[in-house]
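Asker: Sharing a structure with you now.
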Amino acid sequence: MSYSAMKGNSRLLSEDSADVPIISLLDVTRFEPRKLEKRWLNICDTALGPVNLPIFAYRGRLPGPTVGITGAVHGNEVNCIPVIQQFFARLEQQHDKDQSTSFAGTIIGVPVLNVPGFLDSVRSFDGQDLNRLMPGNPLGTASQQYANRIFQEVVVRMDYLFDLHTASAGRQNSLYVRADMKNPEINRIAGTLGLQIIVHNSSPGGSLRGCAQRKGIKAVTIEIGNPSTFQQDLIERTIDGICSVLTTQLGYPRLQQNDTKQHQAPIICCRSYWIFSQTAGILQVCKRVGDIVGKGEVVAEIHSVFGTLLQSFTGPDNYSTVVVGLESNPVAKLGNRIVHLGVIGNEFLDDAHDGHL
Ligand SMILES: [Zn+2]
């Protein structure tokens with residue numbers, strides 16, 4: 001028996017990836033129209049061989065804008081992978097069903113931007129946060145060069161960008177979009193996505209979204225729940241949201257919507273902020289992601305190991321907030337992030353930061 005036969009199905013899986021052509025330039029005009037294309041994009045080399053990004057591409061019959069869906073710039077944020085896989089499967093299925101439909105432009109999906117981080121199931125690249133280093137530096141450190149290659153080879157080719165994330169390790173996120181709501185087109189895109197929460201956040205330097213926006217790309221960040229796991233309900237809702245934007249904002253034919261549940265309109269936040277612990281102890285968060293926090297309502301408590309209340313955290317006395325994200329590790333250290341609160345309202349300031357990028 002040959003070695004490959006002994007490996008059974010694993011050989012089929014490796015052949016699937018091995019059959020995908022490797023390219024060094026993401027030239028969308030080379031993709032065949034109306035066909036789901038897959039490529040490996042060579043992004044850099046190591047002593048043991050190339051590092052390649054997986055690329056999905058679907059090109060319409062007519063020229064038009066390029067829409068990008070990117071994920072896992074933080075390597076452990078994997079909810080983005082089925083979003084991109086299932087989105088392209090849905091797109092292909094729809095166009096197979098109805099050959100008369102077409103659209104202008106190209107959609108590119110990159111389910112994993114941070115390949116080394118993804119392989120190690122960690123957020124960082126070489127100990128650095130790639131989403132603080134954009135647009136990188138071609139003459140800099142390994143992480144700066146990698147960020148630069150991603151930015152110059154992938155991101156600048158987009159006209160629209162959905163950059164997919166999740167919470168960091170040990171935290172939970174709602175399904176929310178972070179966007180510069182003062183930009184009218186981005187504002188419309190964020191609203192059309194129809195997710196749980198919208199947080200206005202001006203486009204910070206060093207982030208993929210911020211740098212993309214400075215290049216004129218209409219970019220939003222979508223936070224899809226929790227790290228290192230798949231949450232199918234959030235995945236479906238994210239795909240449906242992106243399909244809605246493509247149809248209503250960019251003139252694409254209507255794509256199948258899988259999530260038939262009725263959802264409340266997104267809660268709009270004019271800014272957001274984190275509450276940090278000022279003591280160490282045992283943390284109990286009293287709210288779940290997506291919950292409204294009434295004025296002065298308790299959101300979390302820290303007790304001593306003997307059960308004595310050490311610190312209580314409340315929402316603001318003069319306005320309501322919503323729980324955008326929270327810490328899920330009950331062991332609190334001094335200065336830990338506890339709860340991420342969105343301030344409900346639509347008075348968007350030019351300069352709104354939340355400590356995230
Ligand atoms: Zn992230």
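Asker: Select, from L62, L53, L25, L41, the only residue that is under 24 Å from I217 (Cα atoms), modelled with pLDDT of 90 or more and open to solvent by 10 Å² or more (accessible area, probe 1.4 Å). Reasoning before the result, please.
Answerer: Numbers: L62 fails: modelled with pLDDT of 90 or more; L53 fails: open to solvent by 10 Å² or more (accessible area, probe 1.4 Å); L41 fails: open to solvent by 10 Å² or more (accessible area, probe 1.4 Å).
Only one candidate passes the filter, namely L25.
Asker: Go through N131, N148 for me and flag whichever is touching a residue at least 12 places away in the same chain (Cβ under 8 Å), within 13 Å of the ligand (Cβ to nearest atom) and either in a helix (DSSP H, G or I) or surrounded by 20 or more Cβ atoms within 10 Å (Cβ to Cβ) (or both). Break it down stepwise before answering.
Answerer: Working: N148 fails: within 13 Å of the ligand (Cβ to nearest atom).
Matching residue, one of N131, N148: N131.
Asker: For residues in the range 69-89 being in contact with a Phe, Trp or Tyr (Cβ under 7 Å, 6 or more places away or on another chain) and of a type outside the set (V, I, T), which is farthest from the ligand (Cβ to nearest atom)?
Answerer: The extreme case among them is F88.
Asker: Would you tally the residues in the range 152-176 being within 16 Å of the ligand (Cβ to nearest atom) and either over 30 Å from V323 (Cβ atoms) or assigned to a helix (DSSP H, G or I) (or both)?
Answerer: Pass one, the range 152-176, residues within 16 Å of the ligand (Cβ to nearest atom): 155, 161-176.
Cutting the leftovers down to either over 30 Å from V323 (Cβ atoms) or assigned to a helix (DSSP H, G or I) (or both) gives us 155.
Here the count works out to 1.
Asker: Find all pairs meeting these conditions: Cβ atoms under 6 angstrom apart; at least six residues apart or on different chains; first residue within the range 214-234 and in contact (Cβ under 8 Å) with a residue 40 or more places away in the chain; second residue of a type in the set (D, E, K, R).
Answerer: Within 6 Å, the pairs are K218/E185; A219/R209; T221/D163; T221/R178; T221/R209; P227/E77.
Asker: Still on this structure, I have one more. Checking the conditions here, which among Q262, Q196, Q284 is more than 16 Å from the ligand (Cβ to nearest atom), open to solvent by 40 Å² or more (accessible area, probe 1.4 Å) and in contact with a Ser or Thr (Cβ under 8 Å, 6 or more places away or on another chain)?
Answerer: On the way: Q262 fails: in contact with a Ser or Thr (Cβ under 8 Å, 6 or more places away or on another chain); Q284 fails: in contact with a Ser or Thr (Cβ under 8 Å, 6 or more places away or on another chain).
Every option except Q196 fails the conditions.
Asker: Which ones in the range 220-237 are within 14 Å of the ligand (Cβ to nearest atom) and surrounded by 16 or more Cβ atoms within 10 Å (Cβ to Cβ)?
Answerer: Passing the criteria: V220, T221, I222, E223, I224, G225, N226, P227.
The values are calculated or read from the model by the stated rules, or taken from the named source; none is laboratory data. In this text, all values refer to a predicted model and were calculated from it rather than measured experimentally. A quick note on method: Cβ atoms are made from the backbone with ideal geometry, for glycine too, and the neighbour counts reach across all protein chains shown. Note: areas computed on protein heavy atoms with side chains; ligands, DNA, RNA excluded. Shrake-Rupley method; radii C 1.70, N 1.55, O 1.52, S 1.80 Å.
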